[in-house]
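First the structure, in the form of structure tokens, and then the observations on it.
The values are calculated or read from the model by the stated rules, or taken from the named source; none is laboratory data. On a predicted model such as this, the values are computed, not experimentally measured, just so you know. Ideal geometry is used to build each Cβ from the backbone, glycine not excepted, and the neighbour counts take in all protein chains shown. The area values use the complete protein model at the heavy-atom level, side chains included, leaving out ligands, DNA and RNA. Shrake-Rupley method; radii C 1.70, N 1.55, O 1.52, S 1.80 Å.
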Amino acid sequence: MGDECGPGGIQTRAVWCAHVEGWTTLPTNCKQPERPDNQQSCFRVCDWHKELYDWQIGSWNQCRPVLSRSHEKPLECLRGEEGIQTRDIACIQKSNGVPAEDVICEYFEPKPRQEQACLIPCRQDCIVAEFSPWSECSKTCGSGLQHRTRHVVAPPQFGGSACPNLTEFQICQSSPCAVEESLYSLNVGPWSACSVPHSRQIRQARKRGKNKDKEKDREKAVRDPEARELIKKKRNRNRQNRQENKYWDIQIGYQTRQVTCTHRNGKTAALSFCKQDKLPITFQSCVITKECQVSEWSEWTPCSKTCFDMTTPKGNRTRSRTIKQLPVGSESECPQLEEAEQCVSQGDGVAPCITYGWRTTEWTECRVDPLLSQQDKRRGNQTALCGGGIQTRETYCVLANENLLSYLNALKDKEESQSQSKSKASAAPLLSITFEITASRPVDRKLCTGPLPSTSQLCHIPCPTECETSAWSAWGPCTYENCDDPQAKKGFKLRKRRITNEPTGGTGNCPHLLEAIPCEEPSCYDWRITGLEECIPDNEKPCGPGTQVPVVTCVNSDGEEVDRQLCRDAIYPIPVACEAPCPKDCVLSMWSAWSSCSHTCSGKTTEGKQLRSRSILAYAGEGGVMLRKQSRHRVIIQLPANGGRECPDSLFEERECEASPVCHSYRWKTHKWRRCQLVPWYVRQDSPGAHETCGPGLQARAITCRRQDGGQADISECLKYAGPLPSLTQMCQIPCQDDCQFTNWSKFSPCNGDCGGVRTRKRTLVGKSKKKDKCRNSHLYPLIENQFCPCDKYSAQPVGNWSDCILPEGKMEVLLGMKVQGDIKECGQGYRYQAMACYDQNNRLVETSRCNSHGYIEEACIIPCPSDCKLSEWSNWSRCSKSCGSGVKVRSKWLREKPYNGGRPCPKLDHVNQVYEVVPCHSDCSQYIWVTEPWSVCKVTNVDLKENCGEGVQTRKVRCMLNTVDGPSDNVEDYLCDPEEMPLGARKCTLPCPEDCVISEWGSWSQCSLPCNGSSVRERSAESLRQADDGKPCPVATETEACTLNKNCYHYDYNVTDWSTCQLSEKAVCGNGIKTRMLDCVRSDGKSVDLKYCEELGLEKTWQMNMSCVVECPVNCQLSDWSPWSECSQTCGLTGKMIRRRTINQPFQGDGRPCPSQMEQFKPCPVKPCYRWQYGQWSACKVEDAQCGEGTRVRNISCVVYDGSIEDAGKIVDEEFCGEIEPIIDGDKMMILEETCTVPCPGDCYLREWSEWSLCQLTCVNGEDLGFGGIQVRSRAVIIQELENQHLCPEQALETRSCSDGNVIKMSQPCLLLVVDKVSKKDGQCYEYKWMASPWKGSSRTVWCQRSDGLNVTGGCLVMRQPDADRSCNPPCSHPHAYCSETRTCSCEDGYTEVMSSDGTLEQCTLIPVVVIPTMEDKKGDVKTSRAVNPTQPSSNQSGRGRTWFLQPFGPDGRLKTWVYGVAAGAFVLLIFIVSMIYLAWVKLIICPQTANDQKDERFSGEGNVLEDRKLNSPKIFLCGTLKSQQKIKGFMDRRKDELGRRMKIKIEKQTQRSESYELTI
């Protein structure tokens, strides 16, 4: 492989010398030093090199601008500048990172791109907020400084301008100082790092050099046995005083600081200039910082998921490490001691994971009565029901063992292949059987996550509709018809059958049940089977197929039992096949595993119990196999049958838990504080008062971990369960001779119970302090403290909303395992609750028990019960809609009460709120017939007195009668018979005279031949009874008429009725039914007739008369039980609530009761006060015994009570209420109650505190993020106390950080390009900046820049777009009636015109003259007045129809404008033209009189064309004449309108209604 792959190869190429024109020449003609190589080393790449080489991709470099074609940059940056950024890419060896040739990596993967386009955003200048108000004067007397500051809103980016000064100063003056101000201040420096004291050997060596004689005497003393024993005891005592523990090593050291005297100019002076009695302490004890030390990580624990299944979540495995040394004096906590990661178990030996699935019991038998009782409880006890019903089953969760069982079978096969013995081969099936039993054992329902199978379904019980009979029995014996009188040798044999299904309409429609045939050799005796013996199974089996021997007796033909010998000739019955039922025992599971104990461990007041239960899963079926095993399942799988073993009475057991281990809890045990340890003597010996061993120091103590019973425990247990670690060190004080010493404060005395009482505590002086006067000063050192007793006054008030109306919990009625909406108590009286909060006299939230309340206001409420739709009973069936043929009959129910409150809905009703049921019916056409009596004697109406003959009338009675087999019987109402076929009751008649011919009655008409096409005829005839006397012939005795369709000739055809409604059995509620319809014979005129007319024609019947149908079963909504109340949503506070839910197990169907809308209920939780630790405010920075320098500020933590909301700041309570709460504030366990601070010396220049972090701002264009990430910024402004010290001031500080990871970037100079990674758009917001301006006030206004969220800022807005803030004119506008315009030029007020100088400046404002054209009411036709009017003054003249406008004849130079001359000339020409036209038209100019009505005047100023209304006395000029002449004048005036004026209007109108004169109005 080495010869074929890798380095060491050679590549060659041909090299030759060529002429510039391309042809080859001798090599000597080319320069030899320039000859290229004809071979080179190469690397042969093979596929296996892919594992050795890969591309190394560097990060993208800074985006650099691309030189654009145009060198001119736009004045305004809109989006940014295009750029290019590059990165380094190299092919390297994976093992050592050595570079390789690119061709190796390119063989497997193309080389990634090395450059890409990028965008350099527009430069963003620094943006700052507005200045704060001015501070107070820095000095209370004399001359001082005031300052105001602002903070940075957005930092400079992408080469933007740096931030301006964040501070402004101004001098302030106060009253003169009465005392000369000190120029020097005592300045305290910071504490040094904590140092370790010198060891004892070093200190002893120093002393040994100074005093060797004392050392010798000490060595002699040591040789004394008694002294040696004393030294040993002392050393043991000192060793006990030292903190010795393997988890921490507390070492107390010391730290020092410098104290200097500082002049106001910032220079250091000698301490003598700072006149102060007591100097600050320059040393103190401290704890040597020790960081946390931990051990190495342990091995990973086995995966918690010991099986293999990629579909279920992964398991976890953990590893841990222990603490070797706890941190001492360090703010950093120990690192994480335990970590976890996800894992998956794989391999040949890993079993598949157990999965869980739902199983169901067998369906119960189909029952109709539950549905019947849902509709009407009165019908719930009916029997022999059929049709639609419902059946239920139970669900349970089991192990789904398919994967695991296949694994066990594979494991069994593996063991069988490896083992040669029979014992091992027989062991594997037992394993599988055992697992099958275990897999079917019901488990906790929570383990099954799939959808729950349905627990109920609709079913159908067939209803008997036709008669059903059994098969024929065997032929009976051959017997005589009468054994007492045998007549012949022949007899007969009988066979029978029975009715197995009773028909709905009775047994009358059933076929015959008895048959007889003749036979030979009859006998009068035969065997009768009276019974069957016990079924004996075949092959000596205990059950199954077998035979039964008949039990017989000998009987005669009368059925009487006789001697058995008489039946010796009869055939003996053969044995009957039978089935011996196998006994089915009640099959139970093993008891399920005991539930976990209610307490995992026992304490003094806790004791656990365990529960287990089982239920019915399946009922017995036919052909079951006898199972001798009991208790295989948790639930009943099979009920007993055929004499099997009965089920036990109890499916529920309870037992006491076994003895549980005692619950362990852990606590920290603190030991006594050790002696107070001071700063070493060699450090403090040079300080004032160092001869005393006194002052502040530190002391330590031991801490151990104990169980509650006092036993020793590992410290790791307390770190987990005992809360925060108590402090290991504390400050202490060894009193000096001049110090006052007191006992500890006593406990406060008890309160007497009265509100406003006082309780006290005391302390006393001890030792020599009793004799010192300053210690006995009660003002400085009080010995008694008083405290007001709390007032126990509490008040309760309701909070929050009322809960839902909740019914009392009790035993619910369950129907066949179903919780049916409406059949359980879901309505009635309940209770609703409102939480009560209890407050003390300080309005602090306390426990509700203080107000003698159980925490709720309880109020009765009503859940209205659902009322179902109520219909009446069925009415009686109506008569058949047709008296002849097929029709329908109807019965109905009507609405009695509508449903409400979620009751069962009504079926579909018609417009009169009725529901119908329709069935077909058939009326026999001959059921009711018309019956006539004979005609009466013809009564002659025109009586011939000579002869009683001639025309007359005869009548008869016509009655409708019920037709029976025996003929008409009873009279009925006439409407029951067909009125169209009603015979006539009267007719004309002729009584023949003696000499006339007598003819009989007409016979019946003959039948018309079909089809009725009009060509056939029918006839009838009569007989001649007597000839005429005079021999005249009798009239024709035959009458014919044409067969006309639908008159005397008819066609017939079959028709069908409409389908009936779905008909169920009388015992059925719903389910399968039948819809029927009937045939009807219809005559061509649409009349129904008897079916015989159609049958006689042999017409074809093609219709289906019956069709199956389904009536949807009304299933009520089935709900689950209410779940238990959830945990409170809040552990404390006012807004907590508990929720319980229920689900829909079965949605309603058909006309069943719908599901309620309320599927969850809530109830408020009892109000509990919330407690938390909270910081107080920082105190002012204080420097002990000095004026400036490094000091301390402190704050305390308090226990506060609040109502659980964010808005509640809380109220301070006693710390005992927070005793069980871990001291964590804002998620930080490290309590910082003291920190260093700096008090600036007089004259110092210093930085103030950091401002708050700004809002996160993105780099955006038109509101779209460019993807550079969000940035926050904060700043520190500089504060100057003396102007002459400005050169000593630090630079103002600026810090930025990314919005996501919080990495802080310190900036002293503005960055050209600030790149922040790992920021998502959701962390920031795009802001826009725009200029805002106030209204003008004179020649000035305020202009400022505002951010889109309303914050006023400096910077951010484009300077080139800044509006003007000043519009004053230069030189100023000082002339009368002049003002400075927006264009910064002087203009005149309205009504005045500008007169300009030669250099373009305003010289004066001249009043604009007003030209008024009077009307005819002035009685003059010329323009009388031209006067100047101020156009800004309102006119007093009333508006009319005349025109008044303002002219500006003078220009800015004061001369007449050119248009004035043009108008004058045009007016003259116009006047001449008008006179000429009037003259040519022979029209006399008539001055028309006008009324003095108010007219409208439109007046326009020369500059603004401002329309004003006014009333003039003479608004018009009227020219009267004929219409033709006026039209000519108007045409001329319209053409010359521009010369006459811009707003001239001319119209022609009739002067009066009757006049022929017209007016032309100008």
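Residue ranking by accessible heavy-atom surface, 1.4 Å probe, largest first, among Phe158, Phe131, Phe788, Phe308 comes out as Phe788, Phe308, Phe131, Phe158. Only protein heavy atoms count here; under a 1.4 Å probe, Lys496 has an accessible surface of about 120 Å². The trypsin sites (Lys or Arg not before Pro) found in region 750-794 that occupy coil by DSSP, while having at most 13 further C-beta atoms within 10 Å, are Lys774, Lys793.
Between the residues Pro1035, Ser1015, Leu1025, the greatest Cα displacement towards the positive end of the dipole of region 1005-1052, with unit charges on the Cβ of Lys, Arg, Asp and Glu, is found for Ser1015.
For His922, what is the net charge nearby, where nearby means another residue's Cβ is under 9 Å from its Cβ and Lys, Arg count +1, Asp, Glu -1? Combined, the nearby Lys, Arg, Asp and Glu give -1. Over region 993-1122, accessible surface divided per residue gives 60 Å², non-protein components excluded, 1.4 Å probe.
Counted by Cβ distance under 12 Å from Cys880, the other residues give a net charge of +1, where Lys and Arg count +1 and Asp and Glu count -1. For Thr355, the residues 5 or more places off, or on other chains, whose built amide H falls under 5 Å of its own are Ala400. The portion of the accessible surface of region 822-915 made up by carbon and sulfur, rounded to a whole percent, is 47 (1.4 Å probe; DNA, RNA and ligands excluded). Annotation note: trypsin sites (Lys or Arg not before Pro) in region 3-57 located in DSSP loop regions with a Cβ neighbour count of at most 16 within 10 Å are Arg13, Lys31. Among Tyr107, Tyr1171, Tyr831, the order of accessible area from largest down is Tyr107, Tyr831, Tyr1171, computed with a 1.4 Å probe on protein heavy atoms.
Take Lys314: with every protein chain present and a 1.4 Å probe, its accessible area is about 110 Å². Using a cutoff of 8 angstrom between alpha carbon atoms and counting only pairs six or more residues apart, the relative contact order for region 258-354 works out to 28 percent. Once all protein chains are placed together, Ile1472 keeps about 90 Å² accessible to a 1.4 angstrom probe. Looking at region 1190-1250, the chymotrypsin sites (Phe, Trp or Tyr not before Pro) that sit in a DSSP loop and have at most 15 other Cβ atoms within 10 Å of their own Cβ are Trp1250.
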